[in-house]
Amino acid sequence: MIKINVIVRDKSWKKQINNPKKFLEKNIQTINKKINFFKNKKISFSILLTSSKDIKLLNKKFRNKDKTTDVLSFPFYNKVFLLKLLKKKNHVYLGDVAINIKEILKKKKKTNFKFEFDKLWIHGLVHLLGHKHYYDKDFKKMQVFEKKLLVSLNKNYDF
């Protein structure tokens, strides 16, 4: 079972989603029920809902890239160690995800805000679970898992 801690640093998030914490908790609940991988595990992570300014600072500090981005993930473990840990521990904290509202608003013109938001936080979560996309084959595996999570939300999103 996944638990989530939500930190809203930029107030403009609430203009798009009235209660981001409730929105995310509901989605997490749905994923917990529908995805077998999470059923017997106790894991948690945090999401920082922020702005371009904050995410640019995080990107510079932790990735040495002086530019803004849509999502950053800070996993605590690599995939192999995480899987071993999940067998031994009652509870595992996966790490943190930061999401930039400004980048979602740019993409919103093509789709809708909640869909873009769901794609980003799920992408961040999948990174926390140890997935990477350095190579095409890894990117495709990651995409399959992300799509499975998105589909489990039953929101009739067009892909």
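Put in line by how crowded their Cβ is, counting other Cβ atoms within 10 Å and starting with the fewest, 120, 94 read 120, 94. Summary value for region 1-65: 49 percent relative contact order, contacts being C-alpha pairs under 8 angstrom separated by 6+ residues. Highest mean packing comes first when the peptides 77-90, 48-61 are listed by Cβ atoms within 10 Å, giving 48-61, 77-90. Stretching residue 69 away from residue 140 to a fully extended chain increases their span by 23.5 nm, per 0.36 nm per residue minus the current alpha-carbon distance. When you restrict to C-alpha pairs under 8 Å that are six or more residues apart and normalise by the size of the chain, the relative contact order lands at 24 percent.
Sorting 8, 97 from the fewest to the most surrounding beta carbons within 10 angstrom yields 8, 97. Here residue 33 and residue 12 are evaluated by their C-beta separation; at R0 = 30 Å the FRET efficiency comes out at 0.45.
Since every read-out is calculated from the coordinates, none of them should be taken as a lab result. Values in this document were obtained by computation on a predicted structure and should not be read as measured data. Counting neighbours? That spans all protein chains shown, and the Cβs are built from the backbone with ideal geometry, glycine included.
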